[in-house]
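These notes are about the structure you will find just below.
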Amino acid sequence: MKLHTNSIIFMLLSIWTLVVECASNKKLLKEAKKGNNNIIKLTDDNFRTVLKPTRDSHIVVFLTATQNDIGCTLCQAMEEEYNLLAESWFKTHPDGINNKDTTGDRGLFFAKADYSDGGNTLVFQHFKASQVPLLYVFGPESDPNANINTFQQLNIPSTSSSGDERVNMLINSFTHYFELENYKLFKPIDYVSRTITTLSLIGVLFLMKKFSNIVFMVIQSRILWACFSTFFIIIMCNGYMFNKIRGSIYAGRSQSGIEYFQAGMQNQYAIETQIVSFIYGTLAMSALLMAKLIPYSYTYFMKKQKQYNAALSAVILTFLFLTIIFFFSSALMYVFRLKHGGYPFKFLK
Amino acid sequence: MNISNNTKKSILSSISLVLKLAIFICLIGAATSSRLFSVIRYESIIHEFDPWFNYRATRYLVKNGFHKFLNWFDDKTWYPLGRITGGTLYPGLMTTSGAVWYLMNKIMKIQVNIRDVCVLFAPAFSGITAIFTYLFTKNCYNDDQLAGLLSAAFIAIAPGYISRSVAGSYDNEAIAITLLMSTFYLWIKAMRTGSISWACSAAISYFYMVSAWGGYVFITNLIPLHVFILLLMGRYSTKLYSAYSVWYCIGTLASMQIPFVNFQPIRSNDHMSSLGVFGLIQFFMFGDSIKSTISTKNFKIFLKFAVIGLISFGILGLFVLTYFGLIAPWTGRFYSLWDTGYAKDHIPIIASVSEHQPTAWPSFFFDTQFLIWLFPCGVFMLFMELQDEHIFIIAYSVLCSYFAGVMVRLMLTLTPIICVCAAVTLSNVFKYNLRIWSTIKKVKNKSDNRFTELCVLISKLITVLSFLGYLILFVQHCTWVTSNAYSAPSVVLLSGSTDADGSPIFIDDFREAYSWLRYNTDEDAKVAAWWDYGYQIGGFADRTTLVDNNTWNNTHIAIVGKAMSSSEERSYEILKEHDVDYVLIIFGGLLGFNGDDLNKFLWMVRIPEGIWPDEVNEQSFFTADGQFRVDAAASDTMKNCLMYKMSYHDFPGIMGNPTQSTDRVRGATIDESHVLPLKYFEEVFTTENWLVRIYKLKDLDLEGRDLGDVYDMDNTQTKKKSLKKPKLEPRIN
């Protein structure tokens, strides 16, 4: 008999908890539907109720400040990414719950507080946020007496990646740590951009057809091809692809100010490509003029019987180009010594 | 007067011939001798990793003959799968050095060790490369001897080429660059003359190239590209037709004779462009002959229909063939050239190879010094004349500079064309400025132009002298780079310090470990190590390996990676399943050697993660804030994995402090409490500087207990008695 009551109490209890848990998920879902992209908007009024135990799901909290005058570029970059993160999750899990059959009511919800929106100072105070962006996670909690201070900070992969890559990294770590299923990056098809592309393509084709003689002139212009190829070669030989593939940052920062050259043979800033391309370009141009312009000017002036001019141009041009080549190649070696400390050769400095 | 002029001319030409000969001898001397640093500093030894396989294969060839070599099934690698080595290698290198060895020993009766042939193979061939580069440049650039000689001199000492052809670097590239230049030279010759014999020679040279290096695909695409551009520019000629058709037919048929290449030339998409251009040029020929028989108006109609029909037919054919699987899908390596993000996302094995990394700008300067800025200038100059053969150089330059930017290893194919273009520039500079004698004569003549000519003379002299200065600096740069960067065999290391008598101290741990394996283990023992060391274990120690540098089976590599990154118990299971007896790891923590296994460790996680994402997870090897740490903060998965345990086994305590040691590579303090005991493996050998550590898998327990339990039980018992460290095996000196 006693056993019977026990089991009834147990059943009642379990039903009660079930109801409460379901309620917690429902409540969160309701809140989520209110915000944009299924993201719960945390304000001073609602954050305690949203984050209050008990709950059966993970809640990811994103603290950010997208205002321009705050100047948090990472926040602005992550704004879209966080939306994508939430959107991808709700695309496959419309009610926010992972998998009813295997993990029961456990799900994942997204919350956000943007300092720029105002009305959420208490939220930032609660998290003692002194810098943004921040990413926190609240785990499932069955004890109704637990407070809302038990959360963990998540690492934002900020340095090496951005865009879809970062979203994918976050998705992977969420999937792993929260043991989620079927969480994949979902990219909505942008019909507007597709239409614009198609229209502009048609427009360009039409214009090309109309001005076909100009187009042919451009295509057959040897000098254009020459300049294009030379330019292409110069940037390719300067680690342009390295910047593209590795996504190097533009320039670095050190104690004494901006750093233009990163030491080491295997890494570089994007600005290095530009500086060195400029050096190469100048050197190549000087060599070209050296070989072609000097003989040309000599014969030109001699034909016109202006010997004095011929002599002058020969001397001046030679010295001009030789000095340019000298200075720029010593600059090149100087720059290379910044990359490779042990390089023994130098002209100046 | 006339006769004396003639004799003068003949004397001059014979003098120039003698001079040219002297220059060539000097060039070959310079090319060979600048590559001998490593032999002088270390010894006559095969370098690095891949050369060890080539060397092993060459020995097999010399011992067993060509027929057996082609049918060689190697059961000592990729255990238990084995490798059909004869059918999966490019035999050009081995057969060539085998032939040289045969010629010397059997015909000329000069006793030469096959090892010495292999070691000195690359320097010898670099001399030949210089000669072919001379011929190529001369033929490509208006028969300009000066440009030819300059380019030959550049290629002889350019570090970009030396990097792969120092003595001991016995790799496919050593012979491939020579064949690349010879094929290009013969192609230009064939294209200019339209002669079938030249085209045949080009095809034969191409065949030789196919037999030697996988990079032959570059030629397979470059020559059709050249032809294609010429066709687009309306420069079709019967010469071009005969040259390309002959080259393509004979070259393709010949290349299919190589077992490894097999039917690829007509199936794989890498080769499709050459087939497409072959079809196109037939069409041009057909159109050309039609044009001469019908009226212009009719020809235009014909052309319109033919073009539309041809294009639609071509596209349809491509789709149908791909759909039915007759054309092989694009290979991953090829993809990663065009879509640079591809490899990173899809094929970790490619991304893990350092040769496949993009090139930062210092590498270009390092490898070619001032040639790098003469290079675009030379391309521009070629545009100013733009003859058919100049287009070849331009196409080569543009295409290859892109490839070299994407992959470090393709610097090698870019270097020859940099040398050629730079030589073109310099020859243009010198051509005008070296006419000093005529200017001097004019000055002497006391004409009214005297002042002008004097000025011109001075400026010419200064130009020549200053460029001579740059050339001298280039030579010094090349010598410095070769001596400092490219002459280390990487099997033997220099410690940097010297002995009491001033001789350098070598770090010879690799050979120490390999010879221990050779003399202390069973002949059929299986050694598990990360794939980088597979070829060396095979070559030095002659033991069976699971994986090696021929990364043909990703899953098998992943198995080894999984074993290294799993917990000890699981690793033991995996390794026992594969019959492994010993595990060899590289540990640089004591020496400060950067390229050790812990630094490569993330690849041992990523590669298996691609296959068993539920068993191996990269994230779990990082700390909570996403860092890769090995000290106290390391994650539990990290501390429990086999690689960590093996690397730091007994490591704390060897540097004075009884419980701690510092890992000199990662700058981390390793405490005794972090390093969990090894229960299923026992240390059998560790080299002098701890660079290589070898562990043996304990035998299964006789009473069928789990080895972990056995260890725990023994350990509690010994603790009761006294703490006794396991004895190390005596070392072999």
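No lab work stands behind these numbers, since they all come straight from the coordinates. Keep in mind the model is a prediction, meaning the values are calculated, not measured. Counting neighbours? That spans all protein chains shown, and the Cβs are built from the backbone with ideal geometry, glycine included.
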Bridge orientation stat for chain B from DSSP, antiparallel percent rounded to 5, came to 85
If B:26, B:377 are placed from fewest to most neighbouring beta carbons inside 10 Å, the sequence is B:26, B:377
Once normalised by the length of chain B, the mean sequence separation of its alpha carbon contacts under 8 Å that are 6 or more apart gives a contact order in percent of 12
XL table A:27/A:52; A:26/A:52; A:52/A:100; A:184/B:600; Cα-Cα > 19 Å flagged, in table order, is A:52/A:100; A:184/B:600
Rounded to whole angstrom, the alpha-carbon centroid of the stretch B:46-75 lies from that of the stretch A:51-78 at a distance of 61
Expressed as a whole number, the average count of other chain Cβ atoms within 10 Å around the Cβ atoms of A:304-317 is 4
Any aspartates and glutamates whose Cα falls less than 17 Å from that of residue B:300, other than same-chain ones fewer than 8 residues away, would be B:288
So residue A:187 and residue A:105, fully extended at 0.36 nm per residue minus their Cα-Cα distance, gain in nm 26.9 nm
About its Cα centre, the stretch B:446-569 carries a charge dipole, from +1 on Lys and Arg Cβ atoms and -1 on Asp and Glu Cβ atoms, whose size in debye to the nearest 20 is 940
Here the convex hull volume per residue of chain A, taken over Cα atoms and given in Å³, is 236
Under Stokes-Einstein, the protein assembly as shown at 25 °C and 0.890 mPa s, with its Kirkwood radius over C-alpha pairs, diffuses with a coefficient in µm²/s of 72
Rounded to whole angstrom, the alpha-carbon centroid of the stretch B:146-179 lies from that of the stretch B:476-519 at a distance of 23
In debye to the nearest 20, the charge dipole size for the stretch A:221-339, taken about the Cα centre with +1 at each Lys and Arg Cβ and -1 at each Asp and Glu Cβ, equals 340
Sorted on mean Cβ neighbours within 10 Å (highest first), peptides A:310-318, B:591-599, B:163-171 come out as B:163-171, A:310-318, B:591-599
At the level of C-alpha centres, the distance separating the stretch B:637-692 and the stretch B:401-443, in angstrom, is 54
Per-residue average of other protein chain Cβ atoms inside 10 Å, peptide B:452-461 -> 6
If every Lys and Arg gets +1 and every Asp and Glu gets -1 at its Cβ, then about the Cα centre the stretch B:434-484 yields a dipole, in debye to the nearest 20, of 320
Fewest-first ordering of A:189, B:462, A:59 by Cβ atoms within 10 Å yields A:189, B:462, A:59
In this structure, among B:138/B:444; A:210/B:291; B:645/B:698; B:76/B:106; A:306/B:442; A:187/B:562, pairs with alpha-carbon gaps over 25 Å are B:138/B:444; A:210/B:291; B:76/B:106; A:187/B:562
Residue separation between residue B:285 and residue B:24 times 0.36 nm, minus their alpha-carbon distance, gives in nm 89.8 nm
Listed by chain and number, the aspartates and glutamates with an alpha carbon less than 19 angstrom from that of residue A:244, same-chain partners under 8 positions apart left out, are A:164, A:165, A:272, B:339, B:345, B:355
Packing-ranked peptide list from A:201-214, B:240-253, highest mean Cβ count within 10 angstrom first, is B:240-253, A:201-214
Output ordering of B:115-122, B:282-289 (per-residue mean of other Cβ within 10 Å, highest first) is B:115-122, B:282-289
In the stretch A:221-339, taking the dipole from +1 charges on Lys and Arg beta carbons and -1 charges on Asp and Glu beta carbons about the Cα centre, the listed residue (A:312, A:268, A:278) farthest towards the positive end is A:312
Nearest-0.05 FRET efficiency for residue B:495 and residue B:298 at R0 = 60 Å, using Cβ-Cβ distance, is 0.15
Checked against the positive end of the charge dipole of the stretch A:177-296 (+1 on Cβ of Lys and Arg, -1 on Cβ of Asp and Glu, about the Cα centre), the farthest of A:213, A:288, A:243 is A:213
When the charge dipole of the stretch B:120-426 is computed with +1 at the Cβ of Lys and Arg and -1 at the Cβ of Asp and Glu, the Cα pointing farthest to the positive end, of B:156, B:392, B:174, is that of B:392
For chain B, the percent of all C-alpha pairs falling in each 20 Å bin, from 0 up to the bin holding the max distance, is 14, 42, 30, 11, 2, 0
Fewest to most Cβ atoms within 10 Å: A:272, B:512 sort as B:512, A:272
